Amino acid sequence: MFQKNTSIKRYPRLSTKMSTWLTATIVMFAMFAGQVTNVQAEVKVTDYATNIDIQDDGSMKQTETFGFDVKGTENEINHRIDLGELGKLTDLAINMKSVSANAFFPFVASDSNEVGTYTLTERENGMDITIYNTITNAPHIAQISGTLSDLWTNYAEWSILKANFLALPYDTEEASLTLNFPAAVPADQSDIIVSSKAKTNLSWSEDRTSLTITAENLGANEVIGVQMYMPVALLANNQT
């Protein structure tokens with residue numbers, strides 16, 4: 001008869017020192033893995049241009065275009081439109097595309113937080129916009145357009161503007177704001193003050209129907225504040 005081998009193969013027990021070292025190594029690995037998971041993506045705006053067509057009723061058709069680069073993975077892009085105390089925003093449209101794509105993709109308003117949607121949150125003196133799109137290590141371009149109203153105020157013979165522009169929660173290397181007026185703005189009957197920590201430059205077109213303000217190295221949430229007055233005749237149909 002064959003006798004069943006019931007012997008058990010035994011391995012030497014780890015020393016207390018070795019066991020402690022392995023436990024510490026496992027804990028450190030788990031902490032490191034958690035840190036890698038929680039690393040936030042970096043979003044930086046390379047160029048940001050806003051074009052505003054001012055109508056004679058005081059409304060302003062604004063188109064903002066900004067190129068940005070993402071390092072890591074980002075699921076939402078944030079933006080803000082400043083409206084002051086009385087301003088209104090209508091006709092909002094949001095589009096985005098990768099730099100390599102031929103056409104923009106339109107985003108729709110929704111509370112689903114799904115890719116291809118955006119949400120609006122009304123804040124003091126403005127509107128916060130969250131655009132949902134999963135972006136990994138790729139440059140993209142966003143385009144946001146809408147109509148701003150009730151920002152110009154007629155006072156006696158003057159039309160007065162006090163507003164903030166170029167509001168992004170990201171560092172921006174280069175930015176520009178172009179204001180296109182319905183008629184030539186007389187140099188001797190107008191004035192403009194631009195407030196910003198960044199270095200800015202103002203340039204009028206030869207016929208004074210367009211003003212471009214440029215800035216470099218805007219910090220996150222840093223805006224270009226514009227205060228201006230000009231003859232009320234230029235905005236003859238403004239009711240504000």
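The values are calculated or read from the model by the stated rules, or taken from the named source; none is laboratory data. Since this is a predicted model, take the numbers as computed values, not measurements. All Cβ positions, even for glycine, are placed from backbone atoms using ideal geometry, and neighbour counts span all protein chains on display. These area figures cover heavy atoms from the full protein model, side chains too; ligands, DNA and RNA do not enter into them. Shrake-Rupley method; radii C 1.70, N 1.55, O 1.52, S 1.80 Å.
Summary of values
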item	result
Length released on extending from residue 61 to residue 100, taking residue separation times 0.36 nm less the Cα-Cα span	11.3 nm
Label-point separation in nm, residue 174 to residue 209, each point 7 Å along Cα→Cβ	2.6
Segment 104-204: projected area of the alpha-carbon convex hull, averaged over directions, in nm²	9.5
When each of 71/199; 61/197; 97/197; 61/97; 88/197 is checked by Cα-Cα distance, pairs over 24 Å	71/199; 61/197; 97/197; 88/197
Å² of accessible area per residue within segment 44-180, as computed with a 1.4 Å probe and no ligands counted	47
Whole-percent carbon and sulfur share, accessible surface of segment 184-240, 1.4 Å	46
Length added when fully stretched, residue 71-residue 122, from 0.36 nm per residue minus Cα-Cα	15.5 nm
Carbon and sulfur %, accessible surface of segment 92-164 computed with the full protein complex present, 1.4 Å	48
Förster radius 35 Å - calculated FRET efficiency between residue 188 and residue 111, Cβ distance, rounded to 0.05	0.10
